[in-house]
Amino acid sequence: MKGSRWVGELPVGAVSASAYFRHVLHGLLLASLASLTACTTPVHAPHQHVVLVNHDGQSLYTDLDGDCYRDKPRFLSPESADDFKRHLAAITNAVATCTNCLGPDGTRRILIFVHGGLNTYQQSLARVNETMQEASATNFFPLFINWDSGLISSYFEHLLWVRQGTVQRVWGPVTSPLYLLADLGRTLTRAPVAWYYQLTSDLTTTARYESPNFSRRAKLQALARHSASDHQPFLSIGSDERTGASKLGYAASYAVTLPFKLVTGPLIDGLGKSAWDNMSRRTQTMFRFPEQFKRPNSTNELTIARRRTGQAAQGAVAQLMQSLHDLVTNGPPNRYSITLIGHSMGTIVANEIVRTQPDLPYADIVYMGAACSVSDFEKSVVPYLKGATNAHFYNLTLHPVAEAREAQWSLLDITPRGSLLEWIDNFLSTPRTVPERTLGKWDNVISTTALIPRDVARRARIRAFAVGPKDKMPPRTPLVHGQFSEEPFWEETFWTELQP
């Protein structure tokens, strides 16, 4: 795992949100090179452990023998309705008969993982193969929801097809120059706003969050004294262990590259927002197809509208979760438990899973660097916690200094500092209130604990990791947004252990 080059947002070690800029610059070139390459080495994922979903919410074939796409055109094409039913049956049969997923009490334990944005199909399928055996070894049946979260494809879908939530096959391409001009116009007109948020965010890294004299041992003792019966969430923030040399190095690099940051920041604000909006749209289409909301023909619109009333969701993830619901409800009571883990944008999908299937037995809901909003969490996970008295929620975040200072060294630090969540709050989204900011930032979640009801608060653990040089950090401490997926997130101790 530590040698993996695949992370939650991009396949490049410890990456940050600034990878947006690199993808904007190089996406067209990479796409052109891919189209000229005859053969590559595709990744074959185990059929019963993965559902791969495209931008329209359709499940894709992942079976492949050989090493050349053109010889196997079915790979990554939409599954037929019958084949997808057989695919779901293979998953539920594997769950129902697994022996290495049994807990001490005989409960079959399912782990569902949803990755974040900016992943290609190949990267996400490779991740399945990396993680599956290790997760299975901890008595889980791992199930991966992989989706089309590429930045370039998201932006061009916005540019060419999607208009105010609908797909326009004719007028979309015709109006695409207008949308491009609007995005470029946003880049220019919002530049002062982008600079303001960029600079104020950077300034937050100049302060320490706690006294250096507060030792780790004292911190652990203080955490241990916390009582779960207080009707308060369990809050934990790691130490700020940055050295003077580390601060000086970050400051020097920042000063040298600031002129470049003032150029790249508005570009990310102008072009990145549209890509983000469309990528967020894809978290919804995997539950209900866009075609399900197509306006009926005017000659029979009333008949079709009546027939659609109460129609079940047909997206691939909606059908997957319904299959699991049928398996669980038709089996003996307490036979199954589900651990639901989402990273980054995967938490938006996880919220929708809980909201649409509230009867499933989620034992643990684990969010890592959550890109969903606090209010979305409040409307989906909190109601489930109120009804399921044994379920627990874990919200894992970076240290606020690590969140704000994250740099993209592979781009010589010319892009704005900050994690993807920092970018979402500052550039890519337009939160109207604090609860509409991202759940995965410590500063946001610590400001909105009023939204956690007292009767469920004792089953919520909110934890920020430490920050500092890697050699001074406790084991399994993510220091940048993408590193959450490099850690053994399938191990319960990763969610529950005290953070010094």
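W490 fulfils the conditions (1) surrounded by fewer than 20 Cβ atoms within 10 Å (Cβ to Cβ); (2) touching a residue at least 40 places away in the same chain (Cβ under 8 Å); (3) touching a helix residue (DSSP H, G or I) at 6+ places or on another chain (Cβ under 9 Å) except for a single criterion, (1).
Could you tell me which residue of the stretch 436-457 is surrounded by the fewest Cβ atoms within 10 Å (Cβ to Cβ), considering only residues that are under 30 Å from D183 (Cα atoms) and not β-branched (V, I, T)?
That would be E436.
Residues in the stretch 137-159 that are among the aliphatic types (A, V, I, L, M) and buried (at least 17 other Cβ atoms within 10 Å of the Cβ): L143, I145, L151, I152, L159. Among the criteria (1) out of contact with any Ser or Thr (no Cβ under 9 Å at 6 or more places or on another chain); (2) hydroxyl-bearing (S, T, Y); (3) farther than 24 Å from L118 by Cβ, the one T285 does not fulfil is (3). Taken over the stretch 393-440, residues that are touching a residue at least 12 places away in the same chain (Cβ under 8 Å), of a type outside the set (A, V, I, L, M, F, W, C) and more than 23 Å from K470 (Cα to Cα) amount to 10. Scanning the stretch 232-279 for residues that are polar (S, T, N, Q) and assigned to a helix (DSSP H, G or I) returns S246, S253, T257, T264, S274, N278. Exactly one condition in (1) at pLDDT below 95; (2) under 24 Å from H47 (Cβ atoms) is not met by P333; state its number. (2) is the only condition that P333 fails.
Just one of the numbered conditions (1) touching a residue at least 12 places away in the same chain (Cβ under 8 Å); (2) farther than 29 Å from E241 by Cβ is not true of T448: (2).
Which is surrounded by 23 or more Cβ atoms within 10 Å (Cβ to Cβ) and of a type in the set (S, T, Y), of T415, T433?
Details: T433 fails: surrounded by 23 or more Cβ atoms within 10 Å (Cβ to Cβ).
Matching residue, one of T415, T433: T415.
Answer yes or no: is there a residue in the stretch 339-355 that is farther than 25 Å from W442 by Cβ and in contact (Cβ under 8 Å) with a residue 12 or more places away in the chain. Within the stretch 339-355, none of the residues are farther than 25 Å from W442 by Cβ and in contact (Cβ under 8 Å) with a residue 12 or more places away in the chain.
State the number of residues belonging to the stretch 106-133 that are outside any helix (DSSP H, G or I) and either out of contact with any Asp or Glu (no Cβ under 7 Å at 6 or more places or on another chain) or among the basic types (K, R) (or both).
Step one: filter the stretch 106-133 for residues outside any helix (DSSP H, G or I), giving 106-120.
Checking the rest, the ones that are also either out of contact with any Asp or Glu (no Cβ under 7 Å at 6 or more places or on another chain) or among the basic types (K, R) (or both) come to 106-115, 119-120.
So the count comes out to 12.
Within the stretch 134-181, the set of residues being aromatic (F, W, Y) and either touching a residue at least 40 places away in the same chain (Cβ under 8 Å) or assigned to a strand (DSSP E or B) (or both) comprises F140, F141, F144, W147, Y155, Y179.
Could you check how many residues of the stretch 182-192 are part of a helix (DSSP H, G or I) and surrounded by 15 or more Cβ atoms within 10 Å (Cβ to Cβ)?
Start the filter on the stretch 182-192 by keeping residues that are part of a helix (DSSP H, G or I), which leaves 182-189, 191-192.
Checking the rest, the ones that are also surrounded by 15 or more Cβ atoms within 10 Å (Cβ to Cβ) come to 183, 186-187, 191.
Count: 4.
Got at least one residue in the stretch 127-136 being exposed (fewer than 13 other Cβ atoms within 10 Å of the Cβ), among the hydrophobic types (A, V, I, L, M, F, W, C) and at pLDDT below 95? Can you show your working first?
Step one: of the stretch 127-136, the residues exposed (fewer than 13 other Cβ atoms within 10 Å of the Cβ) are 133.
Now drop any that are not among the hydrophobic types (A, V, I, L, M, F, W, C), which leaves none.
The answer is no, given that none of the residues of the stretch 127-136 is exposed (fewer than 13 other Cβ atoms within 10 Å of the Cβ), among the hydrophobic types (A, V, I, L, M, F, W, C) and at pLDDT below 95.
Every residue in the stretch 329-365 that is part of a helix (DSSP H, G or I) and of a type in the set (D, E), please. Across the stretch 329-365, the qualifying residue is only E352.
Is there a residue in the stretch 299-315 that is in a helix (DSSP H, G or I), within 16 Å of R288 (Cβ to Cβ) and under 18 Å from the mean Cα position of the chain (by Cα)? No, the stretch 299-315 has no match at all. Considering each residue of the stretch 426-449 in turn, at least one proves to be part of a helix (DSSP H, G or I), modelled with pLDDT of 95 or more, among the aromatic types (F, W, Y) and under 21 Å from T205 (Cβ atoms).
The values are calculated or read from the model by the stated rules, or taken from the named source; none is laboratory data. Worth saying up front: this structure is predicted, and the values here are computed from it rather than measured. Don't worry about glycine lacking a Cβ; one is built from the backbone with ideal geometry, like all the others, and counts go over all protein chains shown.
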